[in-house]
Amino acid sequence: MADMTKLCFQNPLNPFTHTEVGRSVAAGCEVLERMTRRYGKPEFGLKDTLVGGSRVPVTERVVWSRPFCDLLHFERGTTSRSKDPKVLVVAPISGHYATLLRGTVEALLPRADVYITDWIDARMVPVQDGKFDLDDYIDYIISMLHFLGPDTHIVGVCQPSVPVLAAVAVMEGREDPYVPASMTLMGGPIDTRIAPTAVNELAVDKGIDWFRNNVIMKVPFPHPGVMRDVYPGFLQLTGFMSMNLDRHMTAHKDFFQQLVEGDGDSADKHRDFYDEYLAVMDLTAEFYLQTVESVFIDHSLPNGTMMHGDTLVDCSKIRRTALLTVEGEKDDITGRGQTRAAHALCSNLDDDMKAHYEQPNVGHYGVFNGSRWRAEICPRVMDFIQSHRQDGSSRPAAKPSVEAADKTKAVAEPAVSDAKAVEPAQAAEKTPDKASAQAEKTVAPAVKATTDSEPLEKILLASPQGVADDLKAISGVGPKLESALNGAGIFHYWQIAGLTETQIEALDTKLDFRGRIARDGWIDQARKLSEMVA
C-alpha cells in the first residue's frame with residue numbers, strides 16, 4: 001500500500017506531485033516501504049578493475065562449492081599480472097552477505113588474484129545437507145587452502161579471524177604443506193577479554209543458555225531449509241542497529257528530507273548503503289551458539305583450550321605463516337588489542353614474520369571499507385603479502401617427524417641421473433579396452449612402456465590434476481627426487497599411497513631408488529599426507 005501511494009504521488013499527472021505536501025507523502029511512503037521490505041542478496045557488481053594502468057574486465061566465477069559456501073574467484077582479463085599473489089578473503093558469517101566486503105575486494109583486485117568465501121543463507125540449505133558448526137567452518141577454510149595450493153595468502157575480516165587462526169594452527173600441527181604464506185587478521189575477536197565492547201559484555205552477562213532459549217528459531221515453510229534451527233539474520237541486524245540507533249534514525253530523517261527537497265544524489269547514496277546493510281542471512285544455530293560460547297564466553301583460543309574435533313588448537317605451532325593484524329582506533333565492535341592478541345598466541349613465530357597496524361580515526365567497518373581502507377590500510381596489507389611470498393619451488397616443506405628424520409640421517413640420498421629423469425617415452429601397445437586406452441593417454445612421457453613397467457602406467461599422469469602436491473613433505477624426498485618423480489608422472493600423494501609391490505619394484509628400477517621407497521616408509525607417509533589434502 002505504501003509503495004502504491006508513493007507511485008501515485010510521484011505521477012507527473014497528479015497535481016499534488018509538484019507540491020511540498022505531495023513530495024512529503026511520497027517521501028514518507030518510500031521510507032516506510034524500505035523499512036519493511038525484505039532485501040534480497042546483493043551482487044558484487046565488480047565488472048572491471050585497473051591493472052598496471054589499464055582497465056581490464058573482471059569475471060566472477062564459482063570455483064569451489066559446498067552446501068554452506070561457494071568460493072568465488074574474481075578472474076581478471078589480463079595475463080600481464082598472472083604472477084600476482086593469490087589472496088583468499090574469508091568473509092564473516094555475521095548476518096550480512098559477503099557482498100559487504102565489496103570494497104575490500106575492489107581495492108585488492110589491482111594487485112592480487114582475489115578469491116572470497118560466499119556463505120550460503122542457512123534458511124536456503126535443506127536439513128538433509130547436515131549441520132554446519134565452527135569445526136566445519138575451520139574444515140572449509142583448510143579445504144579451500146588445499147584447493148588454492150602454494151603461495152596463498154589468507155585475509156580474515158572480523159569474525160573469521162578466530163577460525164582462520166585456528167585453521168592455520170591445525171594445519172601447522174599436522175605439518176600440512178599447504179599452510180598459507182601469510183594471514184592477515186582484521187578487526188577480529190581473538191581475545192575479547194581485552195577492552196570488551198557491548199557485544200562482548202552481552203554474551204558474558206546472558207550466558208549460553210539464554211541465547212539458546214531466546215534467539216534460536218526454526219526456518220518456516222516454504223524456505224528450502226524448513227525446520228532447520230537458525231539464528232535469524234534480522235535479529236543480528238536489530239542488534240547492530242540498536243548499538244547506533246540515533247545514527248540510523250538521523251540517516252532516515254535526512255533521507256526523508258532529501259526526497260522532499262529533490263536531492264537525488266544524496267538519496268541514492270542512502271539507498272545504496274541500506275540496500276546492502278538491510279540484506280541479511282540466517283546462521284545455523286550450531287555455528288552461532290558454538291561461536292558465542294567458545295569465543296565470547298569461554299575465550300577458548302586465548303586460554304589454550306579450543307578444540308577442533310579431537311585436536312587441540314595450539315597457535316604456538318605456527319612457524320611458517322607470517323602474521324599481520326589490523327585494528328581500528330575507534331572500533332566499537334572489536335575492542336583495541338583484541339586482534340593484536342594473536343601475536344602473543346603465535347609465540348614461536350619469528351618476530352620478523354609478525355606485524356601490527358592500527359588505523360587512527362576509523363571504526364569497525366572503516367578497517368575493511370571506505371577511503372582509509374583504500375588509501376592507507378590496503379597498501380600496507382599488500383606490501384606485507386608481497387614481502388612474504390613463496391613460490392611453489394621455494395616453499396618450505398613440512399617438518400618431518402623425528403622417527404622419519406632419523407631414517408633420513410641413516411641413509412644418504414642417492415644421486416639421480418638427469419638422463420634417467422628425462423628418458424624419452426615409447427608408446428604403449430594399443431588395446432581395444434577403453435580403460436587401457438585412457439591409461440595410455442595419461443601415461444607420463446618420462447617412463448618407458450615395457451612389459452615390466454606396464455602395471456605402473458595405471459597410476460601415472462601426463463600432468464598434475466589441479467595443483468601438484470609438495471612431494472618434498474615426504475621424509476627422504478628432496479628436490480632432485482621430486483623432480484624425478486614429476487618427470488615420471490607422479491605429482492600427488494595419492495599416487496604414491498596407492499602403489500602396489502609390483503609398481504614399487506617397477507618405479508624403483510626405472511628411477512634407481514635402490515629400495516628407498518620401502519626403507520623410508522614413503523607409502524605410509526604419503527597416505528597420511530593424502531588424507532590431509534583430500
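With the condition kept exactly as written, say whether any residue in region 286-295 is in contact with a Ser or Thr (Cβ under 9 Å, 6 or more places away or on another chain), closer than 15 Å to Ile190 by Cβ and not in a strand (DSSP E or B). Reasoning before the result, please.
Filtering region 286-295 for residues in contact with a Ser or Thr (Cβ under 9 Å, 6 or more places away or on another chain) gives 293-295.
From what is left, the residues that are closer than 15 Å to Ile190 by Cβ are 294-295.
Next, only the ones that are not in a strand (DSSP E or B) stay: 294-295.
Yes - at least one qualifying residue is present in region 286-295.
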Look at region 253-270 and say how many of its residues are open to solvent by 40 Å² or more (accessible area, probe 1.4 Å), out of contact with any Asp or Glu (no Cβ under 9 Å at 6 or more places or on another chain) and either part of a helix (DSSP H, G or I) or touching a residue at least 12 places away in the same chain (Cβ under 8 Å) (or both). 7
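How many residues does region 354-381 hold that are in a helix (DSSP H, G or I), of a type outside the set (D, E, K, R) and surrounded by fewer than 17 Cβ atoms within 10 Å (Cβ to Cβ)? Walk me through it before giving the result.
Of all residues in region 354-381, those in a helix (DSSP H, G or I) come to 365-367, 371-381.
Subsequent filtering for residues that are of a type outside the set (D, E, K, R) retains 365-367, 371, 373, 375, 377-379, 381.
If we keep only those that are surrounded by fewer than 17 Cβ atoms within 10 Å (Cβ to Cβ) as well, we get 371, 375, 379.
Residues that pass the stated criteria total 3.
Residue check: is Ile93 among the aliphatic types (A, V, I, L, M), assigned to a loop (DSSP other than H, G, I, E, B) and buried (at least 21 other Cβ atoms within 10 Å of the Cβ)? It would help to see each step written out before you state the result.
Numbers: among the aliphatic types (A, V, I, L, M): yes; assigned to a loop (DSSP other than H, G, I, E, B): yes; buried (at least 21 other Cβ atoms within 10 Å of the Cβ): yes.
So Ile93 passes the test.
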Those residues of region 179-194 which are within 20 Å of Lys86 (Cα to Cα) and either surrounded by fewer than 24 Cβ atoms within 10 Å (Cβ to Cβ) or free of Cβ contacts under 8 Å to residues at least 60 places away in the same chain (or both) amount to Ala181
Taking into account only those residues within region 123-170 that are open to solvent by 10 Å² or more (accessible area, probe 1.4 Å) and not in a helix (DSSP H, G or I), which is farthest from Val381 (Cα to Cα)? Pro126
Out of region 171-212, which residues are touching an Asp or Glu at 6+ places or on another chain (Cβ under 9 Å), in a helix (DSSP H, G or I) and not aromatic (Phe, Trp, Tyr)? Glu172, Gly173, Ala198, Val199, Ala203, Ile208
Give, as residue ranges, the helices (runs of 4 or more DSSP H) completely inside region 444-534 that count at least 2 residues that are surrounded by 18 or more Cβ atoms within 10 Å (Cβ to Cβ) and modelled with pLDDT of 85 or more. 479-488, 493-497, 501-511, 522-533
Could you please find all residues in region 51-78 being in contact with a Gly (Cβ under 8 Å, 6 or more places away or on another chain) and either basic (Lys, Arg) or part of a strand (DSSP E or B) (or both)? Val56, Pro57, Val58, Thr59
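Given the residues Asp298, Asp254, Asp268, which is the only one that is touching a His at 6+ places or on another chain (Cβ under 9 Å) and modelled with pLDDT of 90 or more?
Working: Asp298 fails: touching a His at 6+ places or on another chain (Cβ under 9 Å); Asp268 fails: touching a His at 6+ places or on another chain (Cβ under 9 Å).
Going through Asp298, Asp254, Asp268 in turn, just one is touching a His at 6+ places or on another chain (Cβ under 9 Å) and modelled with pLDDT of 90 or more: Asp254.
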Reported set for region 66-109 where residues are of a type in the set (Phe, Trp, Tyr) and under 16 Å from Leu46 (Cβ atoms) is Phe74, Tyr97
Test: Phe9 is free of Cβ contacts under 8 Å to residues at least 12 places away in the same chain, farther than 30 Å from Tyr137 by Cα and either of a type in the set (Phe, Trp, Tyr) or open to solvent by less than 70 Å² (accessible area, probe 1.4 Å) (or both): no
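The values are calculated or read from the model by the stated rules, or taken from the named source; none is laboratory data. Remember, predicted model here, so these are calculated numbers, not experimental data. We place every Cβ from the backbone using ideal geometry, glycine too, and count neighbours over all the protein chains shown. Accessible surface areas use protein heavy atoms only, side chains included; no ligands, DNA or RNA. Shrake-Rupley method; radii C 1.70, N 1.55, O 1.52, S 1.80 Å.
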